[in-house]
Each structure stands twice: as structure tokens, then as C-alpha cells.
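The values are calculated or read from the model by the stated rules, or taken from the named source; none is laboratory data. Just so it is clear, the structure is predicted and the values come from calculations on it, not from any experiment. Cβ atoms come from the backbone with ideal geometry, glycine included; neighbour counts cover every protein chain shown. Surface areas here come from the heavy atoms of the whole protein model, side chains and all, with no ligands, DNA or RNA. Shrake-Rupley method; radii C 1.70, N 1.55, O 1.52, S 1.80 Å.
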Amino acid sequence: IPSIDLKGGRCVRLYQGDYAKETVFSEDPLGTAQRWESQGASRLHVVDLDGAAGGEPRHLSMIAQIAATLRIPVQVGGGIRRMETIEQYVKAGVERVVLGTAAVENPGLVKEACQVFGEAIVLGVDARDGFVAVRGWKDKTTVLAADMIEQMEALGARRFIYTDVARDGTLTEPNFQAISELMTRARSPIIASGGVTSVDHLVRLSQLGVEGAIIGRALYTGDIVLDRALAALKERAVDS
């Protein structure tokens, strides 16, 4: 799943979630979204980084334009901490809304959102050293990622995105051990994010049983070529 991270109206990538360590990859987020769709993406992941840091959407109109233009579904996270905001995104054509900070600080919102919007709600579990990080990854909590997933499942959450913040944007590799441990505890589908740099990483994640993998920097640097990676995954699935 290609990721478009928005900051100041541009496509950027952060290093380990550090807002001071950004690389601008495109001045044209909509064109970038269309590019990933044309290469075979079945879904697009969009993050409003300014929204995540500020606590309210900062790129709503841009994201609405992307959702309206693409034929593939779009999921969005970043600064979504009120029911009204979720409703705005759903009305704008966004298929899935990702709650992160709100899940830690306002579990009641998660419960209500899951009751009202069902499968449209995804829980983003962003972890640093195993502990959940919030507010644009700037603050680390004392809540373990695995515990949070269990707590959110009890509130009605049906899908999770797990991001290892220390791996994000580093072009190293995913935290396979942490993902494997989460897979043994979670009852719901998990999408992995952070450090995915090669087709081999994608294959290994698939073998662990994750539902999908979000790729950011590796697509923009060319370490992963989307259409080739999708073809290689399909071929390996047939061979197995």
C-alpha cells in the first residue's frame, strides 16, 4: 500500500517520525497518488502530518480531491480526534479513517466510532521500543502496543495498522519479531508499516500473516518499484 505523507501541501517522508528530518519528494500529491494507482496499487494510504501534530485536519480539501479522483480506495490518518472529523472524511469519499492518538487519549471515541462507522475505522498503533507513541509520534506513552490492540479490540476495533517508528523512513527492515508477536495476540487483521525496503521484506511479512504492508520512502527512492513488486508477490504466491 503506497503512502503519501502530507506536510505543508507537499509529499514528504520523515526519518523515524522526526518532523525536523523531512525529505520532500513531490510538490504534487494528487499526481503522485495517480502515479501509484497507475502502477497497480489497490489502495492508498494518506497521512496528514500537520494534522497529526496539530490535532485537527490540515489537508482535508487536498485529501478529498485525491479520494474523488482515484478509482481505488483511500485510507487517511493524522489529527482525527473527533466524530465530526471522521464524518467529514467519510463524506469526502475516504473509505477508511485511521485513529491513533485518539485511541489512547479518548477510548470512548473509538467505541462510538466503531459502532457508527464499523469497518471504516482502523486503529493506528505506532510504537517506539514497544510502547505506543502519540501526537505525531512526538510523545511516548507507557502503553504497550500489544496491550493497546487487545484493549481496542474489546471496544470494537476490527483492523489495525502497526508502525515501528524507529524503522519508519530508515530503509532498514521491518521489526519482524514485534510483528510476529502481535500476530499471535491479535484477533484482527494487521497492516504492517515501517522499514519495508525490498520485495523479500514484503514476502516475509506475507508469511507472517499480515493483511498488507504500507510502503513510503522505498517507493520514492526506487528501492521498491511498485508494479514489479506486485508482480513478484503474485508470482511467488502462485509458486507456493
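Observations
- Largest GNM mean-square fluctuation among Ala102, Ala20, Ala33, using the chain with Cα springs under 10 Å: Ala20.
- Net length gained if the chain between Leu233 and Glu105 were fully extended (0.36 nm per residue, minus Cα distance): 42.3 nm
- Dipole moment magnitude, nearest 20 debye, the chain about Cα centre, only Lys, Arg, Asp, Glu C-beta charged: 160
- Carbon-plus-sulfur accessible fraction, the chain (probe radius 1.4 Å, protein heavy atoms only): 46%.
- Placing a pseudo-label 7 Å from each Cα along the Cα-to-Cβ vector at Ser188 and Gln207 gives an inter-label distance of 2.8 nm.
- Cα-based Lys proximity count in the chain, under 19 Å, for pairs eight or more positions apart or on separate chains: 4
- Using the 1.4 Å probe convention, the accessible area of segment 1-152 works out to 42 Å² per residue with neighbouring protein chains retained.
- Calculated [θ] (222 nm, deg cm²/dmol) that DSSP helices of n ≥ 4 give over the chain, each run adding -39,500 (n - 2.57): -12000 deg cm²/dmol
- Correct option for Rg and Dmax of the Cα atoms in Å [calculated from the coordinates] among [x] 17.4, 52; [y] 18.8, 59; [z] 16.3, 47: [z]
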